[in-house]
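Visitor: Submitted below is the structure of interest, expressed as structure tokens.
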Amino acid sequence: MAGSSFGKIFKITTFGESHGYAIGGVIDGVPANISINIKEIQYELDRRKPGQSKIVTERKESDLVEILSGIFEGKTTGTPIGFLVKNKDYDSNDYSYVKDSFRPSHADFTYEKKYGNRDYKGGGRSSARETVSRVVAGAIAKQILNHIGISIVAYVDQVGSIKLIDNINYNEIDQNNVRCPNAHIAKKMESLIKEVKKKGDTIGGSISCEIKNVPIGLGEPVFDKLHAELGKAMLSINAVKGFEYGSGFKCIEMYGSSHNDSFQSDGTTKTNNSGGIQGGISNGMPIKMRIAFKPVSSILQEQDSINKKGDKIKIINKGRHDSCVVPRAVPIVESMAAITILDFYLRNKTVKIQ
């Protein structure tokens, strides 16, 4: 199975399945002698882990990271960083019903047809539990970017039809279960998620992400455009159905005269419809993105499906699942943004990071 690596210089390769012994990864291309705080890595994992509130899956995982190599006495050695996060709370019997059948909108059918074999327990490799490894790599990337002065923040801006329009306070993001930077809107979102959960259903949402202090010049023309790689990074996250940056799809309704970002004498622009990227290259303005997540496919309602023989069947999902994935996806979005930006930074410069 190919496709388990991301990045060219700062490169993460992940391994493991949802109900396997562990999830893990190897991070290559990390510069030497950079201080890494393991507690900060664990903090990001705690933001992603299951069982953290009543509106996410009840699966209880401590998600404790074990660094196997590449960090010595608190500093990177320049060698590959290997790590493990062991799986603890799983019941593979929950998934015996899907051994010979396919859940609607899951990867069961396509994995079976492509490989002729699949780990059906918890979705195996297609499970969002794989994103544990991305968060470890992203937490390391964020710490390195902090040395450079680049910051990344993401938050939930919509759940179902409930949208965050204004009154954004970043300090509120981790003060509520939804990770919405507005306490009042967060309560509405949480109530909706709880209501949907009672029905055995799921609901979608979106996450906004902003990257500040990105230097001018990250990205390459044609195929390695910065926004193209950020799009790939975000669309590789489980349940993501849409990606936009800058003005996004709103640009359809605009005229060029109002969409163009006029330059000021200091090189900044009056507006930022370009989303911090022009011609695939960062222009020094904040990079702004928005990522749409579908209602997760695991619903606790009867659905029509088929089995391996092609017979029509009725199926009801079992196990423990999120009713809305966006609260736990915030650190994943930040991680993929950090991995992408650091990779491009290292591609652009051959310098020693102090």
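Visitor: Which one of ASN177, GLY246, GLY219 is farthest out on the positive end of the charge dipole of the chain, using unit charges on Cβ (Lys, Arg +1; Asp, Glu -1) and the Cα centre as origin?
Guide: With unit charges placed on the Cβ atoms, the residue in question is ASN177.
Visitor: Tell me the label-point distance for the pair LYS241, SER105, using the 7 Å Cα-to-Cβ offset, in nm and rounded to one decimal.
Guide: Here the modelled spin labels are 0.6 nm apart.
Visitor: Which whole-number percentage describes the relative contact order of segment 5-348, with Cα contacts under 8 Å and a sequence gap of 6 or more?
Guide: Numbers: 712 pairs, mean separation 77.4, N = 344.
Computed value for segment 5-348: 23 percent relative contact order.
Visitor: So which aspartates and glutamates pass the test for LYS187, namely a Cα distance under 18 Å, with those fewer than 8 places away in the same chain ruled out?
Guide: ASP157, ASP166, GLU172, ASP174, GLU195, ASP322
Visitor: Okay, moving on. Within the set of other residues whose C-beta is less than 12 Å from the C-beta of VAL240, count the net charge using Lys and Arg as +1 and Asp and Glu as -1. Before the final figure, lay out each step's value.
Guide: Details: positive: LYS232, LYS241, ARG290, LYS294; negative: GLU244.
Every neighbour counted, the sum reads +3.
Visitor: Something else about it: Based on the alpha-carbon gyration tensor of segment 243-354 and its eigenvalue square roots a ≥ b ≥ c, which shape applies: rounded if a/c is under 1.5, prolate if not and a/b is larger than b/c, or oblate? Could you put the intermediate results ahead of the total?
Guide: On the way: a/c = 3.34, a/b = 1.97, b/c = 1.70.
In terms of gyration-tensor shape, prolate.
Visitor: Run down the aspartates and glutamates and flag those whose C-alpha is under 13 Å from the C-alpha of LYS309, throwing out any fewer than 8 positions away in its chain.
Guide: ASP100, GLU112
Visitor: For segment 203-334, what does the relative contact order come out to in percent, with C-alpha contacts under 8 Å and a separation of six or more? Walk me through the numbers before you get to the answer.
Guide: Working: 221 pairs, mean separation 47.0, N = 132.
Relative contact order, segment 203-334: 36 percent.
Visitor: Another question, if that's okay. Could you tell me whether segment 1-62 comes out rounded, prolate or oblate from its Cα gyration tensor? Rule is a ≥ b ≥ c as square roots of the eigenvalues, rounded for a/c under 1.5, then prolate if a/b exceeds b/c, otherwise oblate.
Guide: On the way: a/c = 2.71, a/b = 1.40, b/c = 1.94.
The shape class here is oblate.
Visitor: Report relative contact order for segment 112-227 in percent, whole number only (criteria: Cα-Cα under 8 Å, sequence separation at least 6).
Guide: Details: 101 pairs, mean separation 29.0, N = 116.
Reported relative contact order: 25 percent.
Visitor: I would also like to ask the following. Note down the magnitude of the dipole of the chain about its Cα centre, charges +1 on Lys and Arg C-beta and -1 on Asp and Glu C-beta and zero elsewhere, to the nearest 20 debye. Intermediate results must be reported in sequence, preceding the final value.
Guide: Details: 49 positive and 39 negative charges, 124 e Å.
Value, rounded to 20: 600 debye.
Visitor: Mean residue ellipticity at 222 nm from the helices of the chain, using -39,500 (n - 2.57) per DSSP H segment of n ≥ 4 over the full residue count, to the nearest 500 deg cm²/dmol? Display every interim value, and only then the final one.
Guide: On the way: 7 runs with 90 residues, N = 354.
Mean residue ellipticity, 222 nm, calculated: -8000 deg cm²/dmol.
Visitor: Here is a follow-up. Just to be sure I follow: if Rg is taken over the C-alpha atoms of segment 1-111 and Rh is the Kirkwood radius over the same atoms, what is Rg/Rh? Provide the component values of the computation, followed by the final result.
Guide: Details: Rg = 16.9 Å, Rh = 16.3 Å.
Rg divided by Rh gives 1.04.
Visitor: Related question: Roughly speaking, what is the stretch gain from ASN117 to GLN301, that is 0.36 nm per residue apart minus the C-alpha to C-alpha distance, in nm to one decimal?
Guide: Working: separation 184, 0.36 × 184 = 66.24 nm, distance 2.66 nm.
63.6 nm is the gain from fully extending ASN117 to GLN301.
Visitor: Of LYS163/LYS270; LYS199/LYS241; LYS8/LYS88; LYS188/LYS294; LYS232/LYS318, which ones are farther than 29 Å apart at the Cα? Intermediate values should be presented prior to the final figure.
Guide: Details: LYS163/LYS270 26 Å; LYS199/LYS241 23 Å; LYS8/LYS88 32 Å; LYS188/LYS294 19 Å; LYS232/LYS318 31 Å.
Pairs exceeding 29 Å: LYS8/LYS88; LYS232/LYS318.
Visitor: May I ask what percent, to the nearest 5, of DSSP beta bridges between residues of segment 5-348 are antiparallel?
Guide: Details: 49 of 49 bridges.
Roughly 100 percent of the beta bridges in segment 5-348 run antiparallel, per DSSP.
Read-outs: derived from the displayed coordinates by stated rules, not from any lab. For clarity, every value in this text was computed on a predicted model and none was experimentally measured. Here the Cβ is made from the backbone with ideal geometry for all residues, glycine too, and neighbour counts use every protein chain on show.
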